[in-house]
Number of protein chains: 2
Amino acid sequence: MPDGPDIVRAAALLGDPARANMLTALMGGQALTAGELAREAGVTAQTASSHLARLEAGGLITVRQAGRHRYFALAGPDVAAVLEGLMSLAARAGHSRTRPGPRDPALRRARRCYDHLAGELGVAMFEALVADGRLALVDDHPVLTETGEAFVRGFGLDPETLRAQKRPLCRSCLDWSARRSHLAGTLGAGLLSRMTELGWARLEPGSRVVTFSKKGLAAFEAEFPTPHP
Amino acid sequence: MPDGPDIVRAAALLGDPARANMLTALMGGQALTAGELAREAGVTAQTASSHLARLEAGGLITVRQAGRHRYFALAGPDVAAVLEGLMSLAARAGHSRTRPGPRDPALRRARRCYDHLAGELGVAMFEALVADGRLALVDDHPVLTETGEAFVRGFGLDPETLRAQKRPLCRSCLDWSARRSHLAGTLGAGLLSRMTELGWARLEPGSRVVTFSKKGLAAFEAEFPTPHP
DNA sequence: ATCATGTTTCGACTATGGTCGAACTATGCC
DNA sequence: GGCATAGTTCGACCATAGTCGAAACATGAT
């Protein structure tokens, strides 16, 4: 019966509340210190330390030493993808977190999914891109069209650079809050970072929430209009 | 700190050796009885029963009553996707299963990945399809071309029927044994089932191994020639 | 040097949950 | 009806591992 790689090691790492909290915190995309992660997970520094050591040994996170701080981050987009997959499964099974906190509405509205935009606004952007032909869906996979390529350039991004990465340019990612898709891949990541550069939105430190300024939201809705039914 | 759906419930279910064995067995795509799964997992019937009850409560598997047997199957392709994702993580981290058993070479050669062909032959087929333009890669995603569509018809499948499903027609799936991609999606599933209909290959009951007949292998290699470097 | 802060190590406690033996229920066959 | 097989429930045992207190180890500031 032994066949295939050892799922159990990885899955068991994700199966503990403290570790899961740390990893979801890291889904924000930015690196966090051991102490911050301990607070985020609701455990003491000692226990957090042991958990972090395990996560690193399991290859799920990476460490970067900086002075007397140690910054932890997800090991890569594939880890984030598995986490989002688990969230979708849990959402489908109807097991939402025990107490939906005050941050929850903001998270449903706009949040980071590792390095791209998710939530209602993420879904709206994706559907707007598809609706007016900047993205085409081929076998349910998003593909950048010629008009889309022009838009990307106009937005201040270089398609060639984005394509040069190892990750695919476009990927659709199932949104656990909206049960619809949003845009991942290097294009998704590029668009989000460009929006922060332009001052449209701000990444709330210590959370996954993305806050849009008033002007930014107007610009966003002009660029990605909601298709009227 | 409570944000998002509860990953832990789902992940903890995958984090136990017995349950993970059952689920990987179900990756074969066919439904299995409680007893078969107990044997597959190496536990007694009692423990298996409790595990299966948990997996069903967690929404990872579904049950179908048939006489005095109960047939269990994965709840859907999304579950299979998460499992494959975990396998990729584990493979990258270098944690292969403790003892690669005698079945292992056969598994590396050709196996089912849920409902489509994986292993060396799966990778070979995928690369042959891409090499002669039956599949095109757009942003790393496989897309069926016009010549590909003709080939599918000639192979005895109806592209429209395949496209009518909820799942995408083509999906690439990272192969843990070959570290390259093979073809998933309804097309991947359709091709495998057609190969068994044609007598090219047989699905070994109780394992994920796919055995090709001598004639079948010859036909396979004629249809999907290995691109010479 | 001294102190403070961030992080890890050690040791002990505790609980969750995986395991099986035995008994019980349900279905099918004769 | 009686018997065999498939599956579940109950109860008890035991190990794994998550938890924290106390103390050690770093690094940076004064």
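The values are calculated or read from the model by the stated rules, or taken from the named source; none is laboratory data. Since the structure is predicted, the reported quantities are computational estimates derived from the model, not experimental observations. No Cβ is skipped: glycine too gets one built from the backbone with ideal geometry, and neighbour counts run over all protein chains shown. The accessibility values were calculated without ligands, DNA or RNA, using every heavy atom of the protein model including side chains. Shrake-Rupley method; radii C 1.70, N 1.55, O 1.52, S 1.80 Å.
From the list B:G85, B:G59, exactly one residue is open to solvent by less than 30 Å² (accessible area, probe 1.4 Å), within 11 Å of chain A (Cβ to nearest Cβ) and assigned to a helix (DSSP H, G or I). Which is it?
Working: B:G59 fails: assigned to a helix (DSSP H, G or I).
Among B:G85, B:G59, only B:G85 is open to solvent by less than 30 Å² (accessible area, probe 1.4 Å), within 11 Å of chain A (Cβ to nearest Cβ) and assigned to a helix (DSSP H, G or I).
Residue by residue, here is whether (1) within 30 Å of A:A93 (Cα to Cα); (2) of a type in the set (D, E, K, R) holds:
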site	(1), (2)
A:S193	no, no
A:T196	no, no
A:T211	yes, no
A:K214	no, yes
A:F224	no, no
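Name the residue, out of A:R92, A:R39, A:R64, that is open to solvent by 60 Å² or more (accessible area, probe 1.4 Å) and within 7 Å of another protein chain (Cβ to nearest Cβ).
On the way: A:R39 fails: within 7 Å of another protein chain (Cβ to nearest Cβ); A:R64 fails: within 7 Å of another protein chain (Cβ to nearest Cβ).
So the residue among A:R92, A:R39, A:R64 that is open to solvent by 60 Å² or more (accessible area, probe 1.4 Å) and within 7 Å of another protein chain (Cβ to nearest Cβ) is A:R92.
Across segment B:26-40, which residue is nearest to DNA strand D (Cβ to nearest atom) among those that are in contact with a Ser or Thr (Cβ under 8 Å, 6 or more places away or on another chain) and assigned to a helix (DSSP H, G or I)? Even if it seems obvious, please write down each step before you answer.
Start the filter on segment B:26-40 by keeping residues that are in contact with a Ser or Thr (Cβ under 8 Å, 6 or more places away or on another chain), which leaves B:28, B:34, B:38.
Pick out the ones that are also assigned to a helix (DSSP H, G or I) and you get B:34, B:38.
Numbers: B:A34: 4, B:A38: 7 Å.
Out of the qualifying residues, it is B:A34.
Pick from B:R171, B:R180: which is buried (at least 20 other Cβ atoms within 10 Å of the Cβ) and either hydrophobic (A, V, I, L, M, F, W, C) or at pLDDT below 95 (or both)? Give the derivation first.
Details: B:R180 fails: buried (at least 20 other Cβ atoms within 10 Å of the Cβ).
B:R171 is the lone residue from the list that is buried (at least 20 other Cβ atoms within 10 Å of the Cβ) and either hydrophobic (A, V, I, L, M, F, W, C) or at pLDDT below 95 (or both).
Exactly one of (1) at the interface with chain A (Cβ under 8 Å from one of its Cβ atoms); (2) within 11 Å of DNA strand D (Cβ to nearest atom); (3) over 29 Å from B:G119 (Cα atoms) is unmet by B:D16. Its number?
Among (1) at the interface with chain A (Cβ under 8 Å from one of its Cβ atoms); (2) within 11 Å of DNA strand D (Cβ to nearest atom); (3) over 29 Å from B:G119 (Cα atoms), B:D16 violates only (3).
Which of the residues belonging to segment B:41-56 are assigned to a loop (DSSP other than H, G, I, E, B) and either assigned by TED's automatic domain parsing to the domain that holds B:A189 or within 9 Å of DNA strand D (Cβ to nearest atom) (or both)? Talk me through it step by step, then tell me what you get.
Applying the first criterion (assigned to a loop (DSSP other than H, G, I, E, B)) to segment B:41-56 yields B:42-44.
Hit for segment B:41-56 is B:T44, nothing else.
Quickly run through segment B:1-13 and pick out the residues that are within 13 Å of DNA strand D (Cβ to nearest atom) and either surrounded by fewer than 21 Cβ atoms within 10 Å (Cβ to Cβ) or modelled with pLDDT under 90 (or both).
B:M1, B:A12
Of all the helices (runs of 4 or more DSSP H) wholly in segment A:98-159, which have at least 1 residues that are modelled with pLDDT of 95 or more and open to solvent by less than 40 Å² (accessible area, probe 1.4 Å)? Reasoning before the result, please.
Working: elements: A:104-109, A:120-131, A:146-154.
Fully inside segment A:98-159 and qualifying: A:120-131, A:146-154.
Yes or no: segment B:166-183 includes at least one residue that is farther than 26 Å from B:R92 by Cβ and within 14 Å of chain A (Cβ to nearest Cβ). Outline the logic, then answer.
Going residue by residue through segment B:166-183, those that are farther than 26 Å from B:R92 by Cβ are B:166, B:169.
Of the ones still in play, those that are also within 14 Å of chain A (Cβ to nearest Cβ) are B:166, B:169.
Looking through segment B:166-183, at least one residue is farther than 26 Å from B:R92 by Cβ and within 14 Å of chain A (Cβ to nearest Cβ).
Looking only at segment B:186-223, which residues are part of a loop (DSSP other than H, G, I, E, B) and over 15 Å from the mean Cα position of the chain (by Cα)?
The first filter runs over segment B:186-223 and keeps only residues part of a loop (DSSP other than H, G, I, E, B), leaving B:198-200, B:204-208, B:213.
Those that are part of a loop (DSSP other than H, G, I, E, B) and over 15 Å from the mean Cα position of the chain (by Cα): B:L198, B:G199, B:W200, B:S213.
So which of A:M22, A:M27 ends up being open to solvent by less than 10 Å² (accessible area, probe 1.4 Å), of a type outside the set (D, E) and within 14 Å of DNA strand C (Cβ to nearest atom)? Don't jump to the end; show me each part of the working.
On the way: A:M27 fails: within 14 Å of DNA strand C (Cβ to nearest atom).
Exactly one residue qualifies, and that residue is A:M22.
Right, A:E197: away from chain B (no Cβ under 14 Å), among the charged types (D, E, K, R) and surrounded by fewer than 22 Cβ atoms within 10 Å (Cβ to Cβ) or not? First the steps, then the outcome.
Details: away from chain B (no Cβ under 14 Å): yes; among the charged types (D, E, K, R): yes; surrounded by fewer than 22 Cβ atoms within 10 Å (Cβ to Cβ): yes.
In short, yes.
Working carefully through the options B:R208, B:R112, find the one that is touching a Cys at 6+ places or on another chain (Cβ under 9 Å), over 24 Å from A:P168 (Cβ atoms) and not assigned by TED's automatic domain parsing to the domain that holds B:E36.
Numbers: B:R112 fails: touching a Cys at 6+ places or on another chain (Cβ under 9 Å).
Sole residue among the options that is touching a Cys at 6+ places or on another chain (Cβ under 9 Å), over 24 Å from A:P168 (Cβ atoms) and not assigned by TED's automatic domain parsing to the domain that holds B:E36: B:R208.
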